[in-house]
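Only the coordinates and a few stated rules stand behind these numbers; no lab work does. What you see is a predicted model; the values in this text were computed from it and never measured. Cβ coordinates were reconstructed from backbone atoms using ideal geometry, including for glycine residues, and neighbour counts include every protein chain displayed.
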Amino acid sequence: MRTASIYIHIPFCVQKCGYCDFAVSLYREGEAVRPYLEALKAEMASRLETIGPLEAPSIYFGGGTPSLLTSEELEELFVCLKKYVRWETSTEITLEANPGTFSLDRAREWKSLGVNRVSLGVQTFDPSTLKRLGRLHSVEDTKNSFRILHEAGFGNISFDLIYGLPGEGMEQFERSLDETLDLQPDHVSLYQLAIEENTPFYRLAQNNKLALPLEEEVIGMYELAILKLESAGFGHYELQNFALTDRESVHNYRYWHHQEFLGLGVGAYSYWDGKRFGHGKSLSDYLRKAAAGDFTPVLSENITEEIRMKEMVILGLRLKKGIRLDVIEERLGRPLSPGIVSKLDRLALKKLLRKEENRYSLTLKGEHLSESVASELI
Ligand code: SF4
């Protein structure tokens with residue numbers, strides 16, 4: 001039986017955050033939810049039926065705000081997925097949730113449906129920064145939602161935090177880290193704010209109206225996070241991810257190991273049969289095509305052996321333990337090209353990579369310059 005992780009995109013949010021570039025539509029009274037669920041189920045049938053029985057090592061409901069779905073709506077998706085996909089009770093099933101969008105009863109229902117990991121969109125513990133981001137929740141909502149998840153019996157809770165936020169100084173960021181450590185989640189994903197085109201933040205930045213911290217401060221925040229989280233027992237297992245023992249994300253690990261996954265829904269991407277493909281970000285386009293039974297991807301790229309080799313190297317370097325050339329060569333079934341090995345050696349000479357026998361991993365300098373490292377390897 002073939003194996004692939006499953007990603008399901010739920011595109012609804014109550015309000016759009018100023019920095020958000022994801023495939024998101026406003027929830028309003030939930031009027032688009034029903035047609036979207038019908039379209040998702042039709043996509044599952046159309047794509048998964050032809051693949052045959054599939055084993056999922058992880059399932060991920062991302063968004064958007066999947067926690068806006070009622071338990072009955074979520075159950076419908078599980079029932080439909082079960083027709084085509086097999087998984088164990090121990091399989092990692094993650095649901096993204098925003099603080100303040102669910103009750104204890106709702107969290108208990110997620111648990112009984114099989115969700116065993118919740119990724120909470122905390123972002124920051126600074127009240128004024130939360131407002132500036134356009135987030136609807138308060139710091140108290142975050143704490144309350146975390147308590148609810150614990151009470152519902154979740155033993156694997158991840159926090160999303162962002163640093164380098166407008167108006168954020170080291171003091172505010174340190175407070176966010178301290179509050180995080182006080183609550184003790186099992187996993188922390190730490191993202192540096194990226195200013196994406198077509199977002200309100202991009203327009204503000206263009207007009208010099210976004211007070212972003214200086215680059216040195218942003219670097220300092222990343223280093224402070226490593227220091228504090230590692231001292232508290234979190235392993236820094238990937239550039240942006242920290243976990244307590246055995247709490248590394250199975251879903252993301254598979255992605256960094258360049259393994260196959262299927263993405264369902266608007267804006268979702270798949271990597272399957274040597275191709276990467278996905279739907280665009282427009283919900284109305286997705287619904288219109290789905291009504292005609294058309295789930296052909298809008299965007300598609302052939303992952304040639306050359307691209308696959310480079311992606312395995314670039315994604316593998318995101319992991320703290322880095323890459324081992326012999327392991328990659330065994331998966332590829334052939335030696336790495338001399339060109340890529342000499343690029344790795346050049347990066348090691350520049351002290352961006354650490355080289356130990358046939359293993360390469362990012363140095364701290366390489367972590368700060370990870371995008372340059374990746375572009376040198378392309
Ligand atoms: S809650 Fe997340 S997905 Fe929704 S608008 Fe904000 S950043 Fe985007």
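A few comments on the model shown:
- Added length on full extension, which subtracts the Cα-Cα distance from 0.36 nm per residue, S284 to A45: 84.0 nm
- Potential extension, L224-K83 segment - 0.36 nm per residue separation minus Cα distance: 46.1 nm
- Qualifying aspartates and glutamates (Cα of each under 20 Å from Cα of K41; at least 8 residues distant if same chain): E31, E49, E55, E72, E73, E75, E76, E96, D285, D294
- Contour excess over end-to-end distance, with Cα ends at D246 and K321 and 0.36 nm allotted per residue: 25.4 nm
- When each of K111/K321; K321/K350; K111/K228; K16/K321; K82/K320; K228/K365 is checked by Cα-Cα distance, pairs over 25 Å: K111/K321; K111/K228; K16/K321; K82/K320
- The label point for K131 and the one for R354, both projected 7 Å from the Cα toward the Cβ, are 4.4 nm apart.
- Helix screen, the chain: DSSP H segments with Cα axial length of 15 Å or more and mean Kyte-Doolittle hydropathy at least -0.5 are 33-51, 71-82, 215-231, 305-317, 338-349.
- Report note on the peptides 349-356, 171-178: ranked by the mean count of other C-beta atoms within 10 Å, highest first, their order is 171-178, 349-356.
- Diffusion constant of the chain at 20 °C, which comes from Stokes-Einstein with the Kirkwood Cα-pair radius and 1.002 mPa s, µm²/s: 98
- Sorted by Cβ density within 10 Å, fewest first, the residues S103, S46, S25: S103, S46, S25
- For the chain, share of DSSP beta bridges that run antiparallel, in % to the nearest 5: 40
- Taking a point 7 Å from the Cα of E174 along the Cα-to-Cβ direction, the residues of the range 228-244 with backbone N closer than 14 Å to it are 228-229.
- Its DSSP H runs of at least 4 residues, each contributing -39,500 (n - 2.57), put the calculated 222 nm mean residue ellipticity of the chain at -13000 deg cm²/dmol, to the nearest 500.
- Peptides ranked, highest mean first, by Cβ atoms within 10 Å: ranges 49-61, 232-244: 232-244, 49-61
- Tail beyond 14 Å, pair distance distribution of the range 1-88 (Cα, percent): 66
- Prolate is the label for the range 270-320. Its Cα gyration tensor axes, ordered a ≥ b ≥ c, give a/c of at least 1.5 and a/b above b/c.
- Signed unit charges on C-beta, dipole axis of the chain, positive-most listed residue T199, T94, M312: M312
- Spin-label model, L26/S138: points 7 Å from Cα along the beta carbon direction are separated by 2.4 nm.
- Sorting 358-369, 6-17 by average packing, meaning the other beta carbons within 10 Å per residue, from highest down gives 6-17, 358-369.
- The separation of the range 213-292 from the range 89-144, counted between C-alpha centres, amounts to 17 Å.
- Between amide H atoms placed 1.01 Å from N, distances below 5 Å from Y163 occur with Y191, Q192, L193, all of them 5 or more places distant or on a separate chain.
- Within the range 1-114, percent of DSSP bridges classed antiparallel, to nearest 5: 0
- Trypsin sites (Lys or Arg not before Pro) lying in DSSP loop within the range 184-239, provided at most 10 other Cβ fall within 10 Å: K209
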